[in-house]
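S.K.: Sharing a structure, written as structure tokens. Questions coming.
We did not get these values from a lab; they are worked out from the coordinates using the rules stated. Please read these numbers as outputs of a predicted model, since none were measured by experiment. Here the Cβ positions follow ideal geometry from the backbone for every residue, glycine too, while neighbour counts run over all protein chains shown.
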Amino acid sequence: MINFISNLPQDLRSGGFSAMNVAALEAVKKCGHVHYVGPINPGVSTYRKVISKALRTFGRPGEFFFFSQDRLLSIQQEVHSKCSPSASLDFYHGFTPWVLTSSPRPYITWSDCTFHDYLRIYHDPADFKADDISRIEEAEARWLGKAERVLFTSHWGAASACQTYGLSESKVAVVGLFGEVDPPDLDAYQGSYSFLFVSTNFQAKGGRVVLEAFRQLRVTHLEATLTIIGDGPSNCQESGVILMGFLRKEVPVEAARFRQLFAQARGVVHPTRSDILPLMLVEAGYFGMPVISSRRFAIPELVEDGVNGLLVDDPSDVAQISKAMENLLNNEVYLPMRTAAWEKARSGYSRQQFESCLADQIKSVITSLS
């Protein structure tokens, strides 16, 4: 038996990490009987949250209250009480919530990055007390060092963990990731000049930059349009800009509309400053769309500049983004990229490949322990 330990409900599919949780569970089931332990997600201390936010408001560092010592200890107690003692292996979805959980069994864990990288991608470390950050990072490094196998979605995440935490490369492996939509059987693109911008955070994912770049593009290409899915600018009445709002994949009508937009668009523009390897870029490739994105983090593992998309060095540079969008309107450049995007996403980033690779890693650990 294998304990599958997660902070998410077993059947939740509404987001990228939850979809990966479901796929990871299916992979673990291929390796033995599974006891699902979750969702384990105790609330944060309101007192700690208020104090930390107040300190940061006044320019002083606060605590990273979501991973306070008290909350991590609560997680530890809940894991111990809910795990099956008859299991021979524990599998942890994610890293940081479990860093104080000392399992009596061998364990495997997987995520997209360490807390060290997460903090620096999505936050400013200066906003938090240095000793509080060290407390979490040191606990995570110790916990990961004791795992039988530490799995990552990207080579970038794996290499960074080995460098910052001193993990043994023999314990680290990469299992990849996949998109949350099923790849279409045929390419339905009919030559439109429609670009997509998709995000849950318009500002952090480069929405303002994309909007200004699109304005510049429209000076010479009035036929171009920009459809914004998810979070977007309020009260935008700009010509050529279409605000779709959020499209939930768990709602059939909205999921169908999402697929339709992806099937008909020319490309996705995603000059993000805060992503590791967005699943949405994989989904774009499923539909044959080249992407314009940042030459940062693990994105170059999926997007090869000039082959299946275009990468920019500075995601805040409006001129670079506008020029890249203009390049995708050139069919001599675009059509080979479309073919490459279709093939790359399907050959390296399918759900079946993810589950197979993850299952192989688990079976390898089980064999080594027997």
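S.K.: Per the Kirkwood treatment, what hydrodynamic radius in Å, one decimal, follows for the range 194-348 from the mean inverse distance over all distinct Cα pairs? Mind showing how you got there, number by number?
M.R.: Values: mean 1/r = 0.0656 Å⁻¹.
Taking the inverse mean of 1/r over all distinct Cα pairs, the range 194-348 comes out at 15.3 Å.
S.K.: Which residue fluctuates most in the GNM of the chain (Cα springs below 10 Å): Val174, Val50, Val79?
M.R.: Comparing Val174, Val50, Val79 in a Gaussian network model of the chain, the most mobile one is Val50.
S.K.: Based solely on its DSSP helices, what 222 nm [θ] is calculated for the chain when runs of n ≥ 4 H residues each add -39,500 (n - 2.57) and the sum is averaged over all residues, nearest 500 deg cm²/dmol? Numbers along the way, then the final one.
M.R.: On the way: 13 runs with 161 residues, N = 370.
Theoretical 222 nm ellipticity from helices: -13500 deg cm²/dmol.
S.K.: By count of other Cβ within 10 Å, fewest leading, how are Thr101, Thr96 ordered? Before the final figure, lay out each step's value.
M.R.: Details: Thr101 21, Thr96 24.
Exposure proxy ranking, most exposed first: Thr101, Thr96.
S.K.: Along the positive direction of the dipole of the chain (beta-carbon charges: Lys, Arg +1; Asp, Glu -1; about the Cα centre), which of Gly245, Val79, Met289 reaches farthest?
M.R.: Val79
S.K.: Now for a separate question. May I ask for the Rg/Rh ratio of the range 1-122, computed from Cα atoms with Rh as the Kirkwood radius, given to two decimals?
M.R.: Values: Rg = 15.9 Å, Rh = 15.6 Å.
Taking Rg over the Kirkwood Rh, I get 1.02.
S.K.: Test of understanding: ordering Thr164, Thr109, Thr114, Thr57 by Cβ neighbours within 10 Å, fewest first, what list do you get? Please report the intermediate quantities before stating the final value.
M.R.: Working: Thr164 15, Thr109 21, Thr114 25, Thr57 9.
Neighbour counts put them in this order, fewest first: Thr57, Thr164, Thr109, Thr114.
S.K.: Let me ask something else about it. Mind giving me the FRET efficiency for Glu138 and Asp11? R0 is 22 Å, r the Cβ-Cβ distance, nearest 0.05 is fine. Mind dumping the intermediate values first?
M.R.: Details: r = 35 Å, r/R0 = 1.59.
FRET efficiency, Glu138 to Asp11: 0.05.
S.K.: List the GluC sites (Glu not before Pro) in the range 236-323 that DSSP assigns to loop (not H, G, I, E or B) and whose Cβ has at most 16 other Cβ atoms within 10 Å. Which are they? Don't jump to the answer; show the numbers that get you there.
M.R.: Details: sites: Glu238, Glu250, Glu254, Glu283, Glu301, Glu304; in loops: Glu238, Glu250, Glu304.
Filter output for the range 236-323: Glu238, Glu250, Glu304.
S.K.: Could you please rank His155, His93, placing first whichever residue has the fewest other Cβ atoms within 10 Å of its Cβ?
M.R.: His155, His93
S.K.: Please state the Cα pair-distance histogram of the chain with 20 angstrom bins from zero: what percent is in each bin?
M.R.: Percent of pairs per bin, in order: 27, 54, 18, 0.
S.K.: Additional query: Using a Gaussian network model of the chain whose springs link C-alpha atoms within less than 10 Å, name the residue from Gln216, Gln190, Gln320 with the highest mean-square fluctuation.
M.R.: Sorting by GNM fluctuation, first place goes to Gln190.
S.K.: Something else about it: For Ala54 and Asn327, calculate 0.36 nm times their separation in residues minus their Cα-Cα distance, and state this gained length in nm to one decimal. Provide the component values of the computation, followed by the final result.
M.R.: Working: separation 273, 0.36 × 273 = 98.28 nm, distance 4.66 nm.
Separation in residues times 0.36 nm, less the Cα-Cα distance, equals 93.6 nm.
S.K.: Amide H neighbours of Tyr36 under 5 Å, at least 5 residues apart or on other chains, H built in the peptide plane: list them.
M.R.: Close amide H contacts, sequence-distant or interchain: Phe4.
S.K.: While we're here: Ordered by residue, what ³J(HN,Hα) values in Hz, to whole numbers, does the range 223-231 give under the Karplus form 6.51 cos²θ - 1.76 cosθ + 1.60, where θ = phi - 60° and Gly and Pro are x?
M.R.: 6, 6, 10, 10, 9, 9, 9, x, 5
S.K.: Right, something else. Specify the residue with the greatest mean-square fluctuation among Ala126, Ala158, Ala341, computed from a Gaussian network of the chain linking alpha-carbon atoms under 10 Å apart.
M.R.: Ala126
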